[in-house]
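Take a look at the structure below.
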């Protein structure tokens, strides 16, 4: 058993941290958010040079074939820096492509080289966190399919040049079977994207598909059998946002602790008040418990035991989700008014933590998933 | 609008409080609990002399026809004194008899005179908090019924001389219809009672019914139509245990506050520590919020609007139930080791608060009931 | 013990309800109900409608132009107004400086300012907090030095105030300033009325985390204030400030507003679905709503207990701190559950829609678009007006005595 | 980062598991699993079984008769033993006085007492707390005066200790006593070993709120203790006490026990029904179990992180306080949910059944009968061994530095 990062992981983390301090500080980030694109091509190149794009790509496609714990280390640092680049979207995309890697080797190589950005267009207006709730259709037509429908709140949907899209080739809207996955150029004919800001400094888009024609070659996995792929890749993404959230919470804890040491009221630092000390201890514990669960999830996302993977990942989404809520709200309360201003980094940590479960499922969603695992009555 | 007790209510409360201080202090109570009977005939006479037995009985049956808020005042005082007498059981029994008062006038008069004690035998091994889950049967036979079955954890079942019993004259075990209510002498042939202590100083019994024959005259209400009666009387009992719990919490709060003022550690009263001060403020708020809900429930138990009554009573069981848990656990923690000893009144407050929902439904039960009211989507 | 309104109170409620139905402008109401941001004109318009009716100052005596309502009437008014979606009447004039002037102001100050508060000719803001003094208000440093000039005596004010709510719209500010440094920090504070158009005043927006411009920093650079704008006596300002804070209790529990928001939350949870079913039918979500509803039911009674014990004359007790704590917790929890109710639709941030610049949200979900911003904004509720930690300190001192 | 056991560790686990399966007496196991009360003989029997195997003192070096296991091995042992339903080996000898004697005891003390700890010939108890000194341990008052008598030098001890766990069974007690009043309260404390059979010692039961006799008051009335029973130097006892407290970290998170109890909770929630369905299928109950399970999963990793960072030599860090806080919260919550699971069956109190005097509970529900008593009993977990408030103070000082 070993809970330390490997030497390589530590090295990459350190390099990444230094890069963020130099290239992606508060002001730089603000400028990127305010820009028309909402993301930074320079930052993308910079991250690619550090090896972040090649990291999750299989070695066969010019990548490094990173483990879950490698990604844990990276996401934690990206969290501390609150990066708004389409990294998670792209990495999740890579996971989809990996399920059918030889077929999609070219795109994987492009990602590894920093030349492609991917977004995953899975959610729809009615689907909430249930990725099997797919109304969008893909109709077989000659040597391909014709897609019609609308995907909503697709994170970085307008910043990607490739989209991974779920559509129904068979079955009723909430059937688990009959769902297919396609990868396509984001500017394919019939696709229109409506880009907007998100409250946590990112971008998302609603994407309309009107008679979009794709080839059979764009399928990921077999037609109609995408659900197990979506399930496993969503868990991968969950583990990554847990790691990211741990990084944000660590930074939130540190900045709050620092504030309690320096802010003076009633002729003493406010950290001298015992009621606040105990609450800070509780915040520390929240971060450590969340870190433990995020580490466990990262270690299990490659597991062959699908039920154990689901249990661990949903357990992590529960525990990290609770911590994200508590740590974020408490940090603002302990900062008082100053934490309410957009000038303070802690406000941005808070916003990101607030949106922790908005894409991959909130605490209740994962409680439901956790308690509906067949082994729930026995597990411990 | 008036939130004060009336002059009569205040007078009764004061008299009752003085009586408890004199006749039912910690040592007296301990002796009663240790006694073979587990309750005190003297105390019962004393309470009857104060008018407590006549209080809930209709005026037509020699009672005072008390309102919900009269009972609120009384139960609050009984709570502070942690009385272990079969008062709630008897008063609940009175409510059942009141549904068919002329028929059961004699027993009501006996209760008013302090000559009868009643227990309500509704729960069964499988029924948990669902009083419609009745497996016990009553089979029509000539001019009466023959009862067979087993009632469990009947509070003061062995101390009562009359029992009110639910049994199924029709339908399947969990049907709402087909349930009938009977009142009978507790020593009727075929009844065997197994008496035991409860963790909070009371008594309860499992009661077996083997071919127990009762007359048609012992029916309360119409055969097979007891469910609405059980529903309304259970709400009445709920409102009363809420009031009792508020009395206990008030006493718990006061004794804990006193302890924080007198117990010294690190050369100061432990109440000088801000972390504990804030927690005591939170305890104060819990008690006041619980009191408000208990007052509202007491005011609404006579309401003709059954749904508003259910909503208010279940709302009270939710809020008071939460408070009972938080106040009890926090009082023990703030007392430290000394609160763990059976010599301390606070330990007994805690035990009673712990068992708050054990008979009439825990917080989850009442959340389910609250959220399943037809108007839940609109109420506020 | 009787928890129902009497006939007179029911009549009053009916009157109030009818008036609001007939007079609340529907465009303002729509903004409030939809959690969109109000502008200066929205506030002024509603203020002037109430002024015309004589209802803008519920607690002021009739002879000063107020409604002269008793505490229960005021509660009914607040409940009905907020229930219907009326904006709050801004506190700074009616509930804050008004009562202070009535109690401590000169006759000239009363006759000049009070009518202008009622008519909204003067929009007031508050100059209490400073960057260095948040919870520890008495440590304030903004200095006022008394000087004699050719045209009369003045205070020259230098320093900075912060968290000045809607100060960008204000005509007047009431300020705590330091006129003496020699004694305890609570001594040497004076209470000044300052025209916002005086040279030397700079208002700088503070953009909050929801990207709203609601609060400001105000800088004073040799601002000359005539001595007649001193309230009461020099160096006695702390007394007046405490008086004001103790009267800042008006509708502190916000029960009416929270009931309205609870209904809105339920509507959302019926409209938004998971797995094809309304979210309100999900036991886990329904549970959270039920617990909150029970808390709010209790708060309503707790509030009424405090209100009905209020004789309108004596100082409000520390129970007001309890109303503030529970009231803000309920408000915050409501916004939190609304964000949860809309799931992924909590993510988009549509500033144009919030400011009323577009008719519909970019996502098409107009009901969801303002919610996360509202949640973020409402974190202030447990911080301003005396943080909930300060309220606990007050309750500890005044009730518990630890 | 690798969260799995290596092959060596897996082998060790298999060995441990087999041993427990083959050697844990089934009657003791049954009591533990059913939350019934253990008697003196139960503890001794298991202790001696482990002693025979050489496993009674996992952390002691092999040369002193210990198992000499590393922290991960100890963790595996604790996990397996508690999982199977083995009683804890009593801490007072093996984990508390043993390490103190190894570090600070005289050669004579070591050679006499250590083997008797391993064999359980001496049952030890702890004399730390006094009625006036709970969290503030150093304020203790029990006095020891050094006197010369004909047959040698003695300490004469007068005073009172309290919360002495299982002191009614003990042969020996280690005590903190005051030998000097002149300096700071932490100075002037000495560490004595006292034979419980010495004249002048009275043990009085404290009955806890679950009507159990687990703790005691111990009175010392002119109790003569030979000076050779002083550990280390006079007036240096606080140093040894702190050393002991910092080593009282053994299995403080109680992960193995809590996992066993979680499984038991789920069994209960499958056996007890509401509306004809197992309670575990009620979304509200399942939710509480899931949240607790996730907390316990996290705690297991947090615990392993601390364990794997422990080199077995340096002082354990304040992380141990975190394990204590979260560990006790989980344990308490488990007992709370068990009580909730059985509904009305939490109410009956069947002392005879708990003490093993009857085979079945009076209600027939043997599984439910002990649960409320266990819940009540476990409130102690956040109080003793340094209350969770004290743990937070420690963490604040050592980690946060506020």
Hey, does segment D:112-121 have a residue that's part of a loop (DSSP other than H, G, I, E, B) and surrounded by 22 or more Cβ atoms within 10 Å (Cβ to Cβ)? yes
Index of the failed condition, residue D:375 passing every other in (1) under 27 Å from residue B:276 (Cα atoms); (2) part of a helix (DSSP H, G or I); (3) more than 10 Å from chain B (Cβ to nearest Cβ): (3)
The condition from (1) at pLDDT 95 or above; (2) more than 14 Å from every other protein chain (Cβ to nearest Cβ); (3) in contact with a helix residue (DSSP H, G or I) (Cβ under 9 Å, 6 or more places away or on another chain); (4) surrounded by fewer than 19 Cβ atoms within 10 Å (Cβ to Cβ) that residue D:211 misses is numbered (2)
Test of understanding: among D:209, D:176, which residue is closer than 10 Å to residue D:144 by Cβ and either under 22 Å from the mean Cα position of the chain (by Cα) or in the same structural domain as residue D:157 (by TED's automatic domain parsing) (or both)? D:176
Taking residue C:173 and the conditions (1) touching a helix residue (DSSP H, G or I) at 6+ places or on another chain (Cβ under 6 Å); (2) surrounded by 17 or more Cβ atoms within 10 Å (Cβ to Cβ); (3) in contact (Cβ under 8 Å) with a residue 40 or more places away in the chain, which numbered condition does it fall short on, given that it satisfies the others? (1)
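Residue-wise test of (1) outside any strand (DSSP E or B); (2) touching a strand residue (DSSP E or B) at 6+ places or on another chain (Cβ under 7 Å).
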| residue | (1), (2) |
| --- | --- |
| A:147 | no, yes |
| A:159 | yes, yes |
| A:163 | no, yes |
| A:180 | no, yes |
| A:188 | yes, yes |
| A:208 | no, yes |
| A:213 | no, yes |
| A:222 | yes, no |
| A:229 | yes, yes |
Whether any residue in segment A:107-118 is within 14 Å of the chain's Cα centre (by Cα) and not in a loop (DSSP other than H, G, I, E, B) is what I want to check. yes
Anything in segment D:385-402 that is within 7 Å of another protein chain (Cβ to nearest Cβ) and either assigned to a loop (DSSP other than H, G, I, E, B) or out of contact with any helix residue (DSSP H, G or I) (no Cβ under 8 Å at 6 or more places or on another chain) (or both)? List them, or say none. D:387, D:402
Filter result (in a loop (DSSP other than H, G, I, E, B) and within 12 Å of chain B (Cβ to nearest Cβ)) within segment C:1-29: C:1, C:3, C:4, C:5, C:6
Does residue B:294 satisfy being touching a helix residue (DSSP H, G or I) at 6+ places or on another chain (Cβ under 9 Å) and within 22 Å of residue C:303 (Cβ to Cβ)? yes
Residue C:216: assigned to a strand (DSSP E or B) and either within 14 Å of chain A (Cβ to nearest Cβ) or over 14 Å from residue C:167 (Cβ atoms) (or both), yes or no? yes
The listed residue being farther than 30 Å from residue C:307 by Cα and either more than 17 Å from the chain's Cα centre (by Cα) or more than 11 Å from chain C (Cβ to nearest Cβ) (or both), out of B:201, B:302: B:201
Which members of segment D:263-283 meet the condition of being at the interface with another protein chain (Cβ under 10 Å from one of its Cβ atoms), over 25 Å from residue A:242 (Cα atoms) and part of a helix (DSSP H, G or I)? D:263, D:264, D:265, D:266, D:267, D:269, D:270, D:279, D:280, D:281
Report whether or not residue B:129 is in contact with a helix residue (DSSP H, G or I) (Cβ under 6 Å, 6 or more places away or on another chain) and either part of a strand (DSSP E or B) or surrounded by fewer than 24 Cβ atoms within 10 Å (Cβ to Cβ) (or both). yes
At the interface with another protein chain (Cβ under 8 Å from one of its Cβ atoms), farther than 19 Å from residue B:231 by Cα and surrounded by fewer than 24 Cβ atoms within 10 Å (Cβ to Cβ): is that true of residue B:274 in this structure? yes
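Every residue, every condition in (1) under 18 Å from the mean Cα position of the chain (by Cα); (2) under 14 Å from residue D:262 (Cα atoms); (3) surrounded by fewer than 20 Cβ atoms within 10 Å (Cβ to Cβ), yes or no:
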| site | (1), (2), (3) |
| --- | --- |
| D:318 | no, no, yes |
| D:323 | yes, no, no |
| D:326 | yes, no, no |
| D:335 | yes, yes, no |
| D:340 | no, yes, no |
| D:343 | no, no, no |
| D:348 | no, no, no |
| D:352 | no, no, yes |
| D:359 | no, no, yes |
When you look at residue A:380, is it surrounded by fewer than 24 Cβ atoms within 10 Å (Cβ to Cβ), under 17 Å from the mean Cα position of the chain (by Cα) and either over 28 Å from residue A:258 (Cβ atoms) or at the interface with chain D (Cβ under 8 Å from one of its Cβ atoms) (or both), yes or no? no
Scan segment A:295-309 for residues that are buried (at least 19 other Cβ atoms within 10 Å of the Cβ) and over 25 Å from residue A:2 (Cβ atoms) and jot them down. none
Sole exception among (1) within 14 Å of another protein chain (Cβ to nearest Cβ); (2) within 21 Å of residue D:274 (Cα to Cα) for residue B:157, by number: (2)
Out of the residues in segment B:349-364 that are assigned to a helix (DSSP H, G or I) and more than 8 Å from every other protein chain (Cβ to nearest Cβ), state the one that is surrounded by the most Cβ atoms within 10 Å (Cβ to Cβ). B:349
Taking first residues from segment D:260-275 that are farther than 11 Å from residue D:83 by Cα and second residues anywhere that are in a strand (DSSP E or B), the pairs with Cβ under 9 Å that are 6 or more apart or on different chains are D:269/D:278; D:270/D:278; D:271/D:278; D:272/D:278
The condition from (1) under 20 Å from the mean Cα position of the chain (by Cα); (2) away from chain D (no Cβ under 11 Å); (3) modelled with pLDDT under 95 that residue A:266 misses is numbered (1)
From the list C:249, C:260, which residue is within 27 Å of residue C:33 (Cβ to Cβ) and modelled with pLDDT under 95? C:249
Suppose we keep only residues that are over 14 Å from residue B:76 (Cα atoms) and within 12 Å of chain C (Cβ to nearest Cβ) within segment B:5-24. Which one would you say is surrounded by the fewest Cβ atoms within 10 Å (Cβ to Cβ)? B:7
What is the residue count in segment A:25-66 for residues that are exposed (fewer than 14 other Cβ atoms within 10 Å of the Cβ) and in a helix (DSSP H, G or I)? 10
Residues (within 21 Å of residue D:388 (Cβ to Cβ), part of a strand (DSSP E or B) and touching a residue at least 40 places away in the same chain (Cβ under 8 Å)) located in segment D:122-142: D:126
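The values are calculated or read from the model by the stated rules, or taken from the named source; none is laboratory data. Keep in mind it's a predicted model, so treat the numbers as computed, not measured. Because the Cβ atoms are built from the backbone with ideal geometry, glycine has one as well, and the counts that use them run over all protein chains shown.
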